[in-house]
Amino acid sequence: MKMKVLGIDEAGRGPVIGSLFLAGALIDENDVPKLSKLGVKDSKLLTHKKRVEIECKLKKVLKDYMIIQVKPGEIDEAIEGDNALNLNWLEGVKSAEIINKLKPDRAILDCPSPNIEKYKNFVKNLLDNKIELFVEHKADVNHLIVGAASIIAKVEREKEMDEIKKKYGNCGPGYTSNEITQEFIRNNFDKYPEIFRKSWSTWKKHNSAKKQKILNDF
């Protein structure tokens, strides 16, 4: 019986604009060497063009894959809602959803938390079945199947950002370290609520400044 191996990784964890994407890539263990031939590696080490090229080929090699899009509103609700989590645990919940859906024999997760054992136990408690569960830092670098998942997640994130730019204008990459993104937030933070993560300090700062200005003007 062939061992089914699942890799899970995310893209879009830190930006104030757009969704978080988690991807699961499932493969027969015997087919893992094919990923190397495709040029699979951690998505951050590849150009956008190369990621798109590899992703198209990847889907023909994988046994199955799954993508979860976590929109800004869901992120805000998870962080500040009545049943608040932090982003690590939200990612853990979504990772468990992917595992339960794709039903691997072994799953390898890139760990977002500094506490690997705690994160592993959190995910394990959400699983429907017992499987081999490996959780580690830099799994996208150390395991080809996690690198494959990182490519799929990153391509989906980039697709969404292209759509946002077409609809709302050039917002840069969505990270506050980027000057174009900073200017876009200043000018639009209160115009397009659906694309902003309002639980992020960057958005809150602009919203508070606007409220203060209204009070001062009053």
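Odds and ends about this structure:
- Looking across Asp76, Asp28, one residue alone is among the acidic types (Asp, Glu) and modelled with pLDDT of 95 or more. It is Asp28.
- Whenever a residue of region 41-64 is without any contact (Cβ under 8 Å) to a residue 60 or more places away in the chain, its partners that are part of a loop (DSSP other than H, G, I, E, B) and not aliphatic (A, V, I, L, M), lying with C-beta atoms within less than 8 angstrom and at least six residues away or across chains, give the pairs Lys50/Gly39.
- Any hit, region 135-143, residues being in contact with a Phe, Trp or Tyr (Cβ under 9 Å, 6 or more places away or on another chain) and farther than 17 Å from Asp9 by Cβ: no
- Test: Pro112 is at pLDDT below 95, touching a Leu at 6+ places or on another chain (Cβ under 9 Å) and in the same structural domain as Glu29 (by TED's automatic domain parsing): yes
- Ser43 crowded, with 20+ Cβ neighbours inside 10 Å and modelled with pLDDT under 95: yes
- Within region 1-28, the set of residues being of a type outside the set (A, V, I, L, M, F, W, C), buried (at least 24 other Cβ atoms within 10 Å of the Cβ) and assigned to a strand (DSSP E or B) comprises Gly7, Asp9, Glu10, Gly24.
- Residues of region 157-177 that turn out to be closer than 19 Å to Arg51 by Cβ and part of a loop (DSSP other than H, G, I, E, B), as a count: 4
- All positions within region 29-82 that are within 15 Å of the chain's Cα centre (by Cα), in a loop (DSSP other than H, G, I, E, B) and among the acidic types (Asp, Glu): Asp42
- Residues of region 134-178 that are of a type in the set (Asp, Glu) and in contact with an Asp or Glu (Cβ under 7 Å, 6 or more places away or on another chain): Asp140 alone.
- Condition met for Ser19 (within 20 Å of Gly147 (Cβ to Cβ) and either at pLDDT 95 or above or among the small types (Gly, Ala, Ser) (or both)): no
- When Lys154, Lys130, Lys120 are checked against the criterion of being of a type outside the set (S, T, N, Q), assigned by TED's automatic domain parsing to the domain that holds Leu85 and in a loop (DSSP other than H, G, I, E, B), Lys130 stands alone in meeting it.
- Candidates are the residues of region 88-134 that are closer than 20 Å to Trp200 by Cα and touching a helix residue (DSSP H, G or I) at 6+ places or on another chain (Cβ under 7 Å); the one that is surrounded by the most Cβ atoms within 10 Å (Cβ to Cβ) is Gly92.
The values are calculated or read from the model by the stated rules, or taken from the named source; none is laboratory data. Note that the structure is a prediction, hence the values are computed from the model and not measured. Every residue, glycine among them, receives a Cβ derived from its backbone with ideal geometry; neighbour counts consider all protein chains shown.
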